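To keep things clear, I will list the structure first and then write my remarks on it.
Derivation of every value follows stated rules applied to the coordinates shown; laboratory data play no part. Here the structure is a predicted model, which is why all the values come from computation and not from measurement. Every residue, glycine among them, receives a Cβ derived from its backbone with ideal geometry; neighbour counts consider all protein chains shown.
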Amino acid sequence: MRTFAIALASLFTLATPAFAACDLTPIIGAPAEKREGQDIMITLEVANRGDTNCPGTIEAPPGASYMVDIFLSTDRAGPSTWAVYNATWREDVLLRGGRVSRTNSLGPGVSVRYGAPSYEIGPMTLPTGIPPGDYFLCAGVDMGNRVAESNERNNVACNPLRILPTLRIDPRRGLPRQRLPRSPG
């Protein structure tokens, strides 16, 4: 009987969270390819998977509410704090126009899509000087750790983004001519 009571108590201990808290998680959608310096539009949703309210900046003071950063990275980790804007490429660079600073509070199990009515945010501008290759366009929620969360490890979501080589146009030659298909007849 004593073993059963210990097992039952252990089960309740594992099933009950250590403390009630919110749990912010971003979801990002973005194009698969772009060139350095181009504008980009994204879709962004933030979900609260926790069991208490997550304060947004619209209803709560900035020091106790979340914001979202959109940044470019070579990995899915993200910066240790807020991303920093720069017009030229560097790791975890915040895109120009890439901070969502007006955020809604989210109750338990609630999510919000930003960019209404079309649910697209932007245009944001990619930095210049990005070497062509494979990167990640990421959304980082509450990167400044202003909101107490039950899980701080799910605050970054990323989509693969291939940076294409920049088209270089020789001013002496102009644009390359395209051949049009011959029409039958």
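Along the axis of the charge dipole computed for the stretch 26-164 (Cβ charges of +1 for Lys and Arg, -1 for Asp and Glu, origin at the Cα centre), the listed residues 100, 81, 67 are led at the positive end by 100.
Each Lys and Arg Cβ is given +1 and each Asp and Glu Cβ -1; about its Cα centre, the stretch 26-164 then shows a dipole of about 160 debye. For the stretch 136-146, the Karplus equation 6.51 cos²θ - 1.76 cosθ + 1.60, evaluated at θ = phi - 60°, returns couplings of 10, 9, 10, 10, x, 9, 6, 5, x, 6, 8 Hz by residue, with Gly and Pro reported as x.
For the pair the stretch 19-67 and the stretch 110-166, the centres of their Cα atoms are 9 angstrom apart. Electrostatic tally near residue 41: other residues with Cβ closer than 13 Å to its Cβ, Lys and Arg +1, Asp and Glu -1, net -1.
Stretch residue 59-residue 74 to full length: gain in nm at 0.36 nm per residue minus the Cα-Cα span?
This chain segment gains 2.0 nm when fully extended.
Site pair residue 116 and residue 167 shows an inter-label distance of 3.8 nm when each label is modelled 7 Å from Cα along Cα→Cβ. Close amide H contacts of residue 110 (hydrogens built in the peptide plane, cut-off under 5 Å, sequence separation of 5 or more or a different chain): 48.
Residues whose amide H lies under 5 Å from that of residue 103, counting only those 5 or more places away or on a different chain, are 57, 58; hydrogens are built 1.01 Å from N in the peptide plane.
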